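**Student:** Pasting a structure here, questions to come.
The values are calculated or read from the model by the stated rules, or taken from the named source; none is laboratory data. These numbers were taken from a predicted model, which means no experiment stands behind them. Note: ideal-geometry Cβ built from the backbone for every residue, glycine included; neighbour counts use all protein chains shown. Areas reflect the complete protein model, heavy atoms only, side chains present, ligands, DNA and RNA absent. Shrake-Rupley method; radii C 1.70, N 1.55, O 1.52, S 1.80 Å.
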Amino acid sequence: MKNSIFKLILTGVILFGTIAVYAQLPSIQYYRYNDQRGINVFETSKEDTVKYEGIKLRVGGDFSMIFQGLSQSNDLVGDTLIDLANNFALPTANLNFDMQLEDGVRLHLRTYLSSRHHPEAWVKGGYLQFDKLDFISPGFLGGFMEIATIQVGMDEINYGDTHFRRSDNARAIYNPFVGNYIMDSFTTEPHLEVTIQNNGIIGVLGMSNGRLNQSPTDGDNGRVIYGKLGYDKQMNDDLRFRITGSFYSSSDQGTRDYLYNGDRAGARYYSVLEGENDSRVSDFLPRFNPGFAYQSAFQINPFVKFGGVEFFGVFEQSSNGADTGGSYTQLGAELLYRFGSTENLFIGGRFNSVSGEPADGAPTQEINRTNLGFGWFLTKNVATKLEYVTNKYEGDGWNGTKFQGAQFDGIVLEATIGF
């Protein structure tokens, strides 16, 4: 207990001490700001707006605190869900390092100082990003690198667009709601990724081994190919339109696929769907993982912003690569209105559903979630969000489990800092 208290105090000192010197943070090339300026930024821009002036280190962080007031129930006699209390969850925190190593060469490293699943500090991942190759020779592949970005590392891969809007442990400032999507396509894997951006056209092609935990042993030689094709254009001062389609295909050679099971920080709603008779408590509920050892998946994401009105959509399907079959479809729609002199206030809703069959003709499983929320950026680095969430499990596929007729609903309040 004393160690946990000490850790929280130390985390607060680090984060708020860094805020005190925020004005001294250097500008980094090809960088997504970790504050309100990063809202609705997807791939980092190819605009060269920051002059290279030598090596620079930008130290940043994230802090999130949640007050949860949820209740839950199910229809299974003798295996009821635990009673939830109205209280705070353990605060989460990230420590971020972004370093300009060379002109057009940037390093990112994120450490989770505290998370739901791991209260101790540990490295989430990092990557090296190349937007120029002048370190090889001046102007090397200059024409190609004007539209290309190369990324290599052990970090989240660019499959789909939902990972740009989700909460990454304490980095919740980009997410207009508290929770992430039910089928949360977020994973940290060793990857090599090439992104092309030219006159609104976006193309991504990447490869990975499909693994979260690495082991150079026989049987762990799986592979993943993923990519994205899309269009993103600011049509005029009021209208921006973006649409992308992404694919992910993993082999059957021991990939232990983590596409929907790679967030080691844990899910955003605490203790929901925890049964009184559970022998082990999961930190990842209510996130849903299809559980396919290998799979083919695709995700389509439209995004439209007209003035302060914003729409983001999700159509996604994951199909089992094994002969036993099984597939799941995810639908999502967010409608927001951002207002205020700097769009520092927002209100909106999200609908999210997942339905499908696990394998071998098993009955249908369905999950439906609705979020209604309001948010306020007190400054560009500090935001608070209040939401009402309702989540229901339906379909015969849940019969005989604690998810039979399960539901939770209530109010969640989150305060978050990002810099």
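**Student:** May I ask you to list the residues in region 240-269 that are assigned to a loop (DSSP other than H, G, I, E, B), more than 16 Å from T187 (Cα to Cα) and open to solvent by 50 Å² or more (accessible area, probe 1.4 Å)?
**Tutor:** D252, Q253 - these are the residues of region 240-269 that are assigned to a loop (DSSP other than H, G, I, E, B), more than 16 Å from T187 (Cα to Cα) and open to solvent by 50 Å² or more (accessible area, probe 1.4 Å).
**Student:** State whether one or more residues within region 323-330 are open to solvent by 50 Å² or more (accessible area, probe 1.4 Å) and either modelled with pLDDT under 95 or touching a Leu at 6+ places or on another chain (Cβ under 9 Å) (or both).
**Tutor:** So far as region 323-330 goes, yes, one or more of its residues are open to solvent by 50 Å² or more (accessible area, probe 1.4 Å) and either modelled with pLDDT under 95 or touching a Leu at 6+ places or on another chain (Cβ under 9 Å) (or both).
**Student:** Continuing with the same structure: How about region 214-239: which of its residues are of a type outside the set (F, W, Y), modelled with pLDDT of 90 or more and open to solvent by less than 40 Å² (accessible area, probe 1.4 Å)?
**Tutor:** V224, G227, K228, G230, D232
**Student:** Return only the number of the condition from (1) more than 30 Å from G69 (Cβ to Cβ); (2) open to solvent by 40 Å² or more (accessible area, probe 1.4 Å); (3) of a type in the set (S, T, Y); (4) modelled with pLDDT of 95 or more that Y337 does not satisfy.
**Tutor:** It fails just one condition, (1).
**Student:** For a quick check of your reading of the model, give me the residue pairs whose first member lies in region 41-69 and is over 29 Å from R116 (Cβ atoms), whose second is acidic (D, E), with beta-carbon atoms closer than 6 Å and at least 6 apart or on different chains.
**Tutor:** From region 41-69, the pairs are Y52/D103.
**Student:** For the list (1) open to solvent by 20 Å² or more (accessible area, probe 1.4 Å); (2) within 26 Å of N368 (Cβ to Cβ); (3) over 16 Å from the mean Cα position of the chain (by Cα), I need the number of the one condition that F292 fails.
**Tutor:** Here F292 clears every test but (1).
**Student:** Go through region 55-92 and give me each residue that's within 30 Å of I28 (Cα to Cα) and open to solvent by 50 Å² or more (accessible area, probe 1.4 Å).
**Tutor:** Correct list: I55, L57, M65.
**Student:** Among the residues of region 186-203, is any hydrophobic (A, V, I, L, M, F, W, C), in a loop (DSSP other than H, G, I, E, B) and open to solvent by 10 Å² or more (accessible area, probe 1.4 Å)?
**Tutor:** Checked against the condition, which is being hydrophobic (A, V, I, L, M, F, W, C), in a loop (DSSP other than H, G, I, E, B) and open to solvent by 10 Å² or more (accessible area, probe 1.4 Å), region 186-203 yields no hits at all.
**Student:** Quick check: is even one residue across region 353-368 at pLDDT below 95, buried (at least 19 other Cβ atoms within 10 Å of the Cβ) and either not in a strand (DSSP E or B) or not small (G, A, S) (or both)?
**Tutor:** Taking every residue of region 353-368 in turn, at least one turns out to be at pLDDT below 95, buried (at least 19 other Cβ atoms within 10 Å of the Cβ) and either not in a strand (DSSP E or B) or not small (G, A, S) (or both).
**Student:** Go through (1) touching a residue at least 60 places away in the same chain (Cβ under 8 Å); (2) in a strand (DSSP E or B); (3) open to solvent by less than 30 Å² (accessible area, probe 1.4 Å) and name the single condition G349 misses.
**Tutor:** Unmet condition: (1).
**Student:** When you go through (1) out of contact with any strand residue (DSSP E or B) (no Cβ under 6 Å at 6 or more places or on another chain); (2) part of a loop (DSSP other than H, G, I, E, B) one by one for F144, which number turns out not to apply?
**Tutor:** All conditions pass for F144, except number (2).
**Student:** Here are some residues: K402, K392, K305, K385. Which one is in a loop (DSSP other than H, G, I, E, B), out of contact with any Pro (no Cβ under 6 Å at 6 or more places or on another chain) and of a type in the set (K, R)?
**Tutor:** K402
**Student:** Please find, within region 270-281, the residue that is nearest to L259 (Cα to Cα) out of those that are surrounded by fewer than 16 Cβ atoms within 10 Å (Cβ to Cβ) and out of contact with any Ser or Thr (no Cβ under 9 Å at 6 or more places or on another chain).
**Tutor:** R280
**Student:** Answer yes if at least one residue in region 154-174 is in a strand (DSSP E or B), farther than 30 Å from Y270 by Cα and open to solvent by 20 Å² or more (accessible area, probe 1.4 Å), and no otherwise.
**Tutor:** Looking through region 154-174, none of the residues is in a strand (DSSP E or B), farther than 30 Å from Y270 by Cα and open to solvent by 20 Å² or more (accessible area, probe 1.4 Å).
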